[in-house]
Amino acid sequence: MPKAGVRVPASSANLGPGYDSFGLALGLHDLFTAEPADEWQVCVGGEGAGELAEDSGNQVALAMARVFEAAQGAPPAARVVCENGIPTGRGLGSSAAAIVGGLMLGNVFVREPLPKQELFRMAVEMEGHPDNVAAALFGGLTLSWSDDGEPSCALLQPACGLAGVLAVSCAPLATTAARRMLPAEVPHADAAFNAGRAGVLVAGLLLCSPELVSVGLEDRLHEPYRAAAVEDLAAVRKALLDAGADGAALSGAGPTVIGLVTAEDDAAALDRARRVAELTGEALTGSSSRRMPFAVGIDRSGAVLL
């Protein structure tokens with residue numbers, strides 16, 4: 001059986017008020033290739049090299065094995081090569097990308113491939129929440145929810161051009177640690193604030209309104225509680241906004257901060273984002289806590305077999 005490959009985008013979840021619901025696929029990718037084998041072999045290059053598991057415990061291998069268990073006619077194992085462009089542990093969906101990539105690769109090597117909705121359900125089960133895996137699998141802007149434990153996703157393609165500026169932290173922050181910072185209960189006023197801002201953000205992206213995007217990225221459910229672990233959050237957000245980003249928020253659980261940039265089309269938004277990234281980098285000169293900010297487009301296609 002020949003090799004198969006899949007390209008999976010990074011994702012920025014939450015996007016301010018959309019906690020565990022909103023996801024945006026980004027033009028930053030992991031590339032995974034695999035071929036059937038008698039035992040698991042994994043090679044990791046790029047981001048996470050020397051840190052991620054290179055055996056059956058690798059997240060890509062675990063996801064492939066999950067499909068092999070659920071479907072007929074699967075090989076016993078596979079040789080997997082990971083070329084990672086997504087920083088790990090930085091709030092950019094590296095775990096979701098590995099899960100989605102592994103599920104899609106595993107699906108190539110079974111006799112009766114599983115439908116995409118089933119892959120989505122399995123990805124949510126493995127990841128524990130739907131926002132990143134939805135964006136990684138389907139691309140674009142995704143809104144996710146669950147009814148009686150069954151995950152669902154709506155794919156929205158922003159009408160305006162959209163790009164992001166990523167201020168990636170030099171140090172990782174584990175999602176489990178970031179979740180422990182959140183209180184078990186929040187004030188009713190904060191919940192109402194976020195419900196309103198979530199609607200404003202979606203309206204801003206669908207109506208191509210920078211003003212609504214700016215207001216819509218405000219959050220009271222998770223960012224204030226995670227600020228202690230992301231000490232430069234306010235400074236990085238200010239640098240992005242001063243440089244011309246329409247709005248800024250923690251990416252996922254952090255510590256990466258994303259600035260959103262709109263324009264008449266994606267190419268124009270990316271050009272504008274490159275200028276914002278340059279100016280943000282100048283403002284953060286001397287900071288030892290951040291990599292140099294860079295611009296990324298959005299990925300409207302999601303995970304793609306190669």
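For the stretch 78-87, indicate whether the set of residues that are within 24 Å of Gly139 (Cβ to Cβ), of a type in the set (A, V, I, L, M, F, W, C) and assigned to a loop (DSSP other than H, G, I, E, B) is non-empty.
Initially, the stretch 78-87 is screened for residues within 24 Å of Gly139 (Cβ to Cβ), giving 80-87.
Keeping just the survivors that are of a type in the set (A, V, I, L, M, F, W, C) gives 80-82, 86.
Applying the additional criterion that residues be assigned to a loop (DSSP other than H, G, I, E, B) yields 86.
Yes - at least one qualifying residue is present in the stretch 78-87.
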Single match in Glu51, Glu69, Glu83 (criterion: over 24 Å from Ser301 (Cα atoms), open to solvent by 10 Å² or more (accessible area, probe 1.4 Å) and touching a residue at least 12 places away in the same chain (Cβ under 8 Å)): Glu51
Would you confirm whether or not the stretch 173-180 contains a residue that is among the polar types (S, T, N, Q), modelled with pLDDT under 95 and within 21 Å of Ser11 (Cα to Cα)? yes
If you take the residues in the stretch 215-233 that are within 20 Å of the chain's Cα centre (by Cα) and of a type outside the set (A, V, I, L, M), which one is farthest from Arg179 (Cα to Cα)? Gly216
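Looking at Val230, is it touching a helix residue (DSSP H, G or I) at 6+ places or on another chain (Cβ under 9 Å), open to solvent by less than 10 Å² (accessible area, probe 1.4 Å) and assigned to a helix (DSSP H, G or I)? Break it down into steps so the answer makes sense when it comes.
Working: touching a helix residue (DSSP H, G or I) at 6+ places or on another chain (Cβ under 9 Å): yes; open to solvent by less than 10 Å² (accessible area, probe 1.4 Å): yes; assigned to a helix (DSSP H, G or I): no.
Here the answer is no, as Val230 does not meet what is asked.
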Here is a list of conditions, (1) surrounded by fewer than 16 Cβ atoms within 10 Å (Cβ to Cβ); (2) part of a loop (DSSP other than H, G, I, E, B), and Leu221 meets all of them except one; can you say which number that is? (1)
For Ala192: the one exception among (1) more than 30 Å from Leu305 (Cβ to Cβ); (2) touching a residue at least 24 places away in the same chain (Cβ under 8 Å): (2)
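Residues in the stretch 83-92: is at least one of a type in the set (Asp, Glu) and closer than 16 Å to Thr33 by Cα? Even if it seems obvious, please write down each step before you answer.
Step one: list which residues in the stretch 83-92 are of a type in the set (Asp, Glu), which gives 83.
If we keep only those that are closer than 16 Å to Thr33 by Cα too, we end up with 83.
Yes, the conditions are met somewhere in the stretch 83-92.
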Restricting attention to the stretch 234-293, the residues that are assigned to a helix (DSSP H, G or I) and of a type outside the set (Lys, Arg) number exactly 23
Of the residues in the stretch 210-225, those that are under 23 Å from Ala159 (Cβ atoms) and free of Cβ contacts under 8 Å to residues at least 40 places away in the same chain come to Glu211, Leu212, Ser214, Val215
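Considering the stretch 57-76 alone, what residues qualify as being on the phi < 0 side of the Ramachandran plot and not in a helix (DSSP H, G or I)? Before you say what the answer is, go through the steps one by one.
Initial filter on the stretch 57-76 (on the phi < 0 side of the Ramachandran plot): 57-72, 74-76.
Selection gives Gly57, Asn58, Ala71, Gln72, Ala74, Pro75, Pro76.
Kindly indicate whether any position in the stretch 6-28 is more than 30 Å from Ala192 (Cα to Cα), assigned to a loop (DSSP other than H, G, I, E, B) and open to solvent by 10 Å² or more (accessible area, probe 1.4 Å). Give the derivation first.
Taking the stretch 6-28 first, the residues more than 30 Å from Ala192 (Cα to Cα) are 6-9, 27-28.
From the residues that got through so far, the ones that are assigned to a loop (DSSP other than H, G, I, E, B) too are none.
Checked against the condition, which is being more than 30 Å from Ala192 (Cα to Cα), assigned to a loop (DSSP other than H, G, I, E, B) and open to solvent by 10 Å² or more (accessible area, probe 1.4 Å), the stretch 6-28 yields no hits at all.
Name the residue, out of Ser251, Ser301, that is open to solvent by 50 Å² or more (accessible area, probe 1.4 Å), small (Gly, Ala, Ser) and at pLDDT 95 or above.
Values: Ser251 fails: open to solvent by 50 Å² or more (accessible area, probe 1.4 Å).
Unique residue meeting the criteria: Ser301.
Of all the residues that make up the stretch 137-182, how many are open to solvent by less than 30 Å² (accessible area, probe 1.4 Å), over 22 Å from Gly102 (Cβ atoms) and small (Gly, Ala, Ser)? Walk me through it before giving the result.
First, the residues of the stretch 137-182 that are open to solvent by less than 30 Å² (accessible area, probe 1.4 Å): 137, 139-142, 144, 151, 158, 160-169, 173, 177-178.
Restricting the remaining residues to those that are over 22 Å from Gly102 (Cβ atoms) gives 141, 158, 160-169, 173, 177-178.
Adding the requirement that they be small (Gly, Ala, Ser) leaves 161, 163-164, 167, 169, 177-178.
Counting residues in the stretch 137-182 that are open to solvent by less than 30 Å² (accessible area, probe 1.4 Å), over 22 Å from Gly102 (Cβ atoms) and small (Gly, Ala, Ser) gives 7.
The values are calculated or read from the model by the stated rules, or taken from the named source; none is laboratory data. For clarity, every value in this text was computed on a predicted model and none was experimentally measured. Cβ coordinates were reconstructed from backbone atoms using ideal geometry, including for glycine residues, and neighbour counts include every protein chain displayed. Protein only, heavy atoms only, side chains kept; ligands, DNA and RNA dropped before computing areas. Shrake-Rupley method; radii C 1.70, N 1.55, O 1.52, S 1.80 Å.
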